[in-house]
Amino acid sequence: MEEFKHYTVMKNEAVDALECKDGLIYVDCTLGGGGHSELILQRIQPNGRLIAFDVDDDAINASKERLKDYKNLTIVKNSYANIKEVLHDLGIEKITGGVLFDLGASYHQLTKGERGFSFSKDAPLDMRFDQEADFTAYDVVNTYSEDDLVRIFSEYGEERFSKRIAKKIVESRRVKKLETTKELADLIVGCTPRVKSSIHPATRVFQAIRIEVNQELTNVKNTLNDVLDLLEVGAIISVISFHSLEDRIVKHLFKYHSQKCHCAKNQMICTCPPPRLELVNKKPIMASEQEIRENPPSRSAKLRVARCIN
């Protein structure tokens, strides 16, 4: 089997934030290469329990091997979006210790050519985290309306040439469907003006398509709300995000549920329920300078932490 390469971003910071204790239940919503999970498992021996989610078979197989000596681990091949149903089926009513999210794609996914996440290697337009899913990047590129393409490129990629790129895609696919990452990247380079930038012109569009294929932002928002219902008082949520869209969702949700009042200004008596969370860190924790030197993509990572208080 090809080696599964994955750099565990802010491993110590994210797991330290969970304040791991023996005997409690923890959830790693994004198993990946198993780096965070392994550190959690080391800290909750001998009676703690860890449930780890992933939809990527490569990640699961690599982590099963890495974590084979730990008995108190349950690896679930499922999306963390289904956390309520999965924990119910496992007979778990509450997450008593904490839950960790490490959002975004892994190094392995982004660099394994045939997965179609990157334009650095020519590959079919795929971008699925879950290789058993039916919906791929090909479907987005070749079936979405021009307006929908503009919307996802603008919202998810924050791409300033969204209209120009979407128009060109629709024109091109009338003649021939776009099938590979190189075809799409070349099209983007060809229809956008050259600007001084350290990133490739296709970067934002590829990010936007990946988010759409895997419903990343929708899953984050819905799951964080579900997790609030599952947390025992005192349990902790630790979330690492890698771009502003994810971080904004986490920031706003944490802020909303940690505020004492949401009433209109003209309302005389507050009828709000008590806050559900307290912020452990008001500002996000960033990767250390040493980590950024070792793994440059970690420079964009932000860690936000909150504790359930109600």
Using a 1.4 Å probe on the protein heavy atoms, what percent of the accessible area of the chain belongs to carbon and sulfur? 49
To the nearest 10 degrees, the tilt of helix 146-157 (Cα long axis) against the first principal axis of the alpha carbons of the chain is 50
Full-extension gain between residue 218 and residue 244, please, as 0.36 nm times their residue separation minus the C-alpha to C-alpha distance. 7.9 nm
Using every alpha carbon pair in region 130-230, what percent of pairs falls into each 5 Å bin from 0 up to the bin containing the largest distance? 2, 12, 22, 24, 16, 11, 6, 4, 2, 1, 0
Alpha-carbon centroids, region 237-268 and region 166-212: separation in whole Å: 34
Per residue, what accessible area does the chain have, given a 1.4 Å probe and all protein chains present, in Å²? 51
Looking only at 58, 28, 148, which one moves most when the chain is put into a Gaussian network model with springs between Cα atoms under 10 Å? 148
Cα-based radius of gyration of region 162-310 once divided by 2.2 N^0.38 Å, which approximates compact folds: 1.42
Over all directions, average the projected area of the Cα convex hull of region 226-310 and note it in nm². 6.8
Which value, in debye to the nearest 20, gives the size of the charge dipole of the chain about its Cα centre, when Lys and Arg are +1 and Asp and Glu are -1 at the Cβ? 1260
Longest principal axis of the chain (C-alpha) makes with the long axis of helix 57-66 (C-alpha) an angle, in degrees to the nearest 10, of 40
Run the numbers for residue 160 and residue 268: contour at 0.36 nm per residue of separation, minus the present Cα-Cα distance, in nm. 34.4 nm
Looking at region 211-267, which trypsin sites (Lys or Arg not before Pro) are DSSP coil and have at most 15 other C-beta atoms within 10 Å of their C-beta? 260, 265
If r is the Cβ-Cβ distance from residue 89 to residue 310 and R0 is 22 Å, what FRET efficiency results, to the nearest 0.05? 0.25
What is the P(r) of the chain, as percent of Cα-Cα pairs per 20 Å bin from 0? 31, 54, 15, 0
Rounded to 0.05, the calculated FRET efficiency for the beta carbons of residue 232 and residue 151 at R₀ = 41 Å is 0.55
Mind checking the angle between helix 181-191 and the chain's longest principal axis? C-alpha axes, 0 to 90 degrees, to the nearest 10. 70
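The values are calculated or read from the model by the stated rules, or taken from the named source; none is laboratory data. A quick note: this is a predicted structure, and the numbers were derived from the prediction, not measured. Methodologically, a virtual Cβ is constructed for each residue, glycine included, from the backbone with ideal geometry; neighbour enumeration extends over all protein chains shown. What goes into the accessible areas is simple: the full protein's heavy atoms, side chains included, and nothing from ligands, DNA or RNA. Shrake-Rupley method; radii C 1.70, N 1.55, O 1.52, S 1.80 Å.
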